[in-house]
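The values are calculated or read from the model by the stated rules, or taken from the named source; none is laboratory data. Keep in mind that this is a model prediction, so the values were computed, not measured. Counting neighbours? That spans all protein chains shown, and the Cβs are built from the backbone with ideal geometry, glycine included.
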Amino acid sequence: MNSARLARLALVALLGLAAANFLWQLGSSSYYVDEVLAVNVALHPLSGLLHAIDTGEISPPAYFAFLHEWAGHIGSGPAWVMRLPSAICGVALVGAVYWLASLLCERRAVAYAAAALTALSPFVLQYAQLAQEYVFVMLSSTAAVAAAIEALRREGPRRPLWLLGAWAAAVLALWLHYTAGLLMLALCAWVASSKGFPQRWRAAFVGGCVIAGAALIPVLLRQHQAIPARNGVAASAGVTTATVQRIFETPLDGRVDALRLLGVIVTVLALAWLLAGRGQLVRERLLLAAIAAGIPLALFVLSVFGGHLMLTRYAAVAAPFMIIAIAAAIVGARPRPLGALIAVGALVVVLAGLIASHRAQGFYFDARGVDGYVRSHLRPGDAVLATDEPGSEIPLAYYGLRFDALGGATADALLRAHRQRLWVIDDLPANPPSIAELEDYMRTGFRGFEYAVARARIFPGVVPVAVVLVVPPERPGRGPVAGHSSAG
């Protein structure tokens, strides 16, 4: 068997690995809060779609227009149906990373390592299993840079078509998410400074990118006017030690924080090796460095000035390039023990992340499970009280569970009335208590209201959730309260 055929088989095997990883449990988890918002926008009729994007989202319209058409032609039934395009894009991303790494690096081993890391990345897995735009951004960004490099190196009449394709992919990335503008800046600077392109080509590419970006300004302004304050994002996307670590660990990060410090060390060592410019393994090193290291740094700087951009999903545009930097460091770092250290560290982090992500404890809030459990035991007259955290409140409302907010005036009145059975739904710490401990805690908390715990269940997840049924005390003329069982 010749080497070319072996190379094709190896790539097919990596694509198969990615497909198995991304499709496994695709529909197992409930919709995540941001998925609910995206799906709700996409399901608007075409006449109201742009208005829904302007008033209900903070991203450009491309993904929502696609999801609207997908739901219209395929349907919006089970969650896996709406997530399937993301999984397909995740598999395609493995091939695109292999393509780009082959262009950037002289040794084919880098391309294989980069493709394998993409197929196993907990970060790519996360967004390949969500009905959101981020894996689409990764794919279009990777394709844009690869096509631009192809245009520079090829000869013949198809050369301008490669550059046109690079422009189209870059514009698509920008129209999927605003942070792709950072990649577009780096790519425009590279094209403008590449003497291998005729001057009119360079001017057309940069001018076309400017026009595409300017066309989004009215949308951005309308969205900012409709949602001027993003309190939830502001609280979690500021500059802290944790957010800085996560941004620089982006391709090794996932739904679960598995060995974060080791992931940071691996990524920073690889980026430092790339920036140092040791050896000639990486061609177009400055372009790769500007994207892989420059975009996380830009997000940090913008956040220092109040941008609230320290979320790994905002660094998605840089993730494939960070993966290629890690793969290049694994293959080319000297002394060799440094490359071996990066390889072992990366492998340990991705395997730990995958194991954690595919367990029930690695999924987001199980709103579908909570809704089904409560409905199966709900009786006429029961009231439901739930946390008003958006991550829980929005998915519960999507699945149709009617509830009042914990801590609100209505909830307080229900507690004091002692007339109804109450279902209490609340978030738990990352390491939740046992059922017995939960029942003891609830008895203590409701002692002042004279309620008893009748039923309790914990739903695992990144944020575990407790569902507890509390019942009022028996009173003269009232029969015994049924349903006293903590087995769930």
From R475, R443, R379, R416, grab the single residue that is assigned to a loop (DSSP other than H, G, I, E, B), at pLDDT below 85 and surrounded by fewer than 16 Cβ atoms within 10 Å (Cβ to Cβ). R475
Select from the range 272-313 the residues that are touching an Asp or Glu at 6+ places or on another chain (Cβ under 9 Å) and of a type outside the set (S, T, N, Q) and list them in ascending order. L281, V282, R283, R313
Given the options A169, A146, A214, name the one that is at pLDDT 95 or above and touching a Ser or Thr at 6+ places or on another chain (Cβ under 8 Å). A169
By my count, helices (runs of 4 or more DSSP H) wholly in the range 1-116 with at least 1 residues that are aromatic (F, W, Y) are 3-23, 62-74, 79-104
Restricted to the range 134-188 and to residues being of a type in the set (S, T, Y) and buried (at least 24 other Cβ atoms within 10 Å of the Cβ), the residue nearest to the chain's Cα centre (by Cα) is Y134
Filtering the range 419-440 down to residues that are loosely packed, with under 15 Cβ neighbours inside 10 Å and over 22 Å from Y364 (Cβ atoms) yields R419, S434, A436, E437, D440
Yes or no: G339 modelled with pLDDT under 95, in the same structural domain as R260 (by TED's automatic domain parsing), assigned to a helix (DSSP H, G or I) and not acidic (D, E)? yes
